[in-house]
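Undergrad: Would you mind keeping the following structure in view while I ask a few things?
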Amino acid sequence: MIASWLMSSRHAVVLTGAGMSTESGLPDFRSEKTGLWTRFNPQQLASTYALEHHRQAFIEFYQYRIRTLQACRPHEGHMILADWQRHGLIQEIVTQNVDGFHQQAGSHHVIELHGSLRTVHCQRCGNTFNSIVYLEQRFTCECGGFLRPSVVLFGEMLPEQALEQAWQAAQTADVLIVLGSSLQVSPANQLPLIAKRNGAKIAIVNWEPTELDGIADVVIHKRKIGDVLREINKEWKARDGR
Ligand code: APR
């Protein structure tokens, strides 16, 4: 079904969450036992408050996340999405993820709603560095400012341009596919609603039920995203005589 949607769509958008990267070895946030927020307190570690008042714990938490990220790679699902983009099956990927895996897999037009853990930037002068500096114990810019990860912290606004682009994509989409998100965090979870209001077909592929299953035309639970993408890819290639 989804393969035929994609083949006949004018403007297909994919919205990914942390469930897109668990098969790469990165934990998601809310899965029982393994989710990051079931093991760490985001308000104490990933918030503007932590940045200002728990600086050492903040640094150690992001060293842990950057180290984990360095050990992981995009999986076949990321490659399939990049291939679909190359063949014009999908136009944009809006991601809540900060791992940069879509770009590493070859995707363009990736809208990073929550920033990127690939870089850190100086709070004073704005200079940007590869986040590997955190593993080299480097936390201060030449100008003396603190180097913080370029991710959106709890309590911060989302990057204006990314938000605008994501809104635009959702309004233009005639197909929107959610991959691996519990859809509990706003404003990302508004995107399927906007697309739906504009008449788009909605598919949600997520291990567990989500808050927006009720508005979706297709819902796939209890199946790994990698397997679902391989299956859709196979169907597209068969239909397309590839
Ligand atoms: N296949 C299918 N679904 C999966 C897989 C998989 N391999 N792995 C995990 N999932 C599902 C989980 O069941 C879960 O419902 O992915 C979903 C991920 O949801 P969350 O952990 O809530 O992650 P996400 O929706 O991306 O969180 C949004 O919250 O804390 C913030 O900034 C953080 O970007 C994040 C945002």
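What follows is calculated from the coordinates using simple rules that are stated; it is not laboratory data. Every value quoted in this text rests on a predicted model; they were computed, and no experiment measured them. Don't worry about glycine lacking a Cβ; one is built from the backbone with ideal geometry, like all the others, and counts go over all protein chains shown.
Undergrad: Report, largest value first, the span of the C-alpha coordinates of segment 81-147 along each principal axis, in whole Å.
TA: 47, 20, 16
Undergrad: List the relative contact order of the chain as a percent without decimals, with contacts defined as Cα pairs under 8 Å and 6+ residues apart.
TA: Rounded, it is 22 percent for the chain.
Undergrad: Mind listing the phi-derived Karplus ³J(HN,Hα) values for segment 217-222, rounded to whole Hz, using 6.51, -1.76 and 1.60 with θ = phi - 60°, and x for any glycine or proline?
TA: Whole-Hz 3J(HN,Hα) from phi for segment 217-222: 7, 10, 10, 10, 10, 6.
Undergrad: Percent of Cα-Cα pairs per 10 Å bin, from 0 to the last occupied bin, for the chain, please list those.
TA: In whole percents, the pair-distance histogram is 7, 32, 35, 18, 7, 1.
Undergrad: So, one more: Which Cα, out of SER150, ALA169, LEU135, lies furthest along the positive dipole direction of segment 135-178 (beta carbon charges, K/R +1, D/E -1)?
TA: My answer, from the dipole projection, is LEU135.
Undergrad: So what is the calculated 222 nm ellipticity per residue for the chain, using -39500 (n - 2.57) for each DSSP H run with n of 4 or more, over all residues, to the nearest 500 deg cm²/dmol? Don't skip to the end; give the middle numbers.
TA: Numbers: 10 runs with 87 residues, N = 242.
Calculated at 222 nm, the ellipticity per residue is -10000 deg cm²/dmol.
Undergrad: Which one, ALA216, PRO27, VAL94, projects farthest toward the positive side of the charge dipole computed for the chain from Cβ point charges (K/R +1, D/E -1)?
TA: Positive-end residue among those listed: PRO27.
Undergrad: Take a quick pass over the chain and tell me how many lysine pairs come in under 29 angstrom between Cα atoms, counting only ones 8 or more apart or on separate chains.
TA: 14
Undergrad: A follow-up question, please. Over all alpha-carbon pairs in segment 112-222, figure out the percentage whose distance exceeds 16 Å.
TA: Here the tail beyond 16 Å accounts for 66 percent of pairs.
Undergrad: Along segment 186-203, what does the Karplus equation 6.51 cos²θ - 1.76 cosθ + 1.60 (θ = phi - 60°) give for ³J(HN,Hα), rounded to whole Hz, x for Gly and Pro?
TA: Couplings: 8, x, 4, 6, 7, 4, x, 5, 5, 4, 4, 4, 8, x, 6, 7, 10, 10 Hz.
Undergrad: Nearest 5 is fine: what % of DSSP beta bridges in the chain come out antiparallel, could you say?
TA: 30 percent
Undergrad: Distance between Cα centroids, segment 26-91 to segment 174-242: provide it in whole Å.
TA: Cα centroid of segment 26-91 versus Cα centroid of segment 174-242: 21 Å apart.
Undergrad: Moving on to the next point. Quick one: length gained pulling GLN161 to ARG55 fully straight, 0.36 nm per residue minus the C-alpha distance?
TA: 35.3 nm
Undergrad: Is there a quick way to get the dipole size of segment 1-74? I mean about its Cα centre, with the Cβ of Lys and Arg at +1 and of Asp and Glu at -1; what is the value in debye to the nearest 20? Spell out each step's value before the answer.
TA: Values: 8 positive and 5 negative charges, 19 e Å.
So the magnitude is around 100 debye.
Undergrad: Here's something else I'd like to know. Got a sec? How would MET7, MET79, MET20 order by Cβ neighbour count within 10 Å, fewest to most? Each step should come with its number before you reach the end.
TA: Working: MET7 14, MET79 17, MET20 32.
Ascending Cβ contact count within 10 Å gives the list MET7, MET79, MET20.
Undergrad: Using just the C-alpha positions of segment 1-98 as equal point scatterers, what log10 of I(q)/I(0) does the Debye formula give at each q in 0.11, 0.14 1/Å?
TA: -0.46, -0.67
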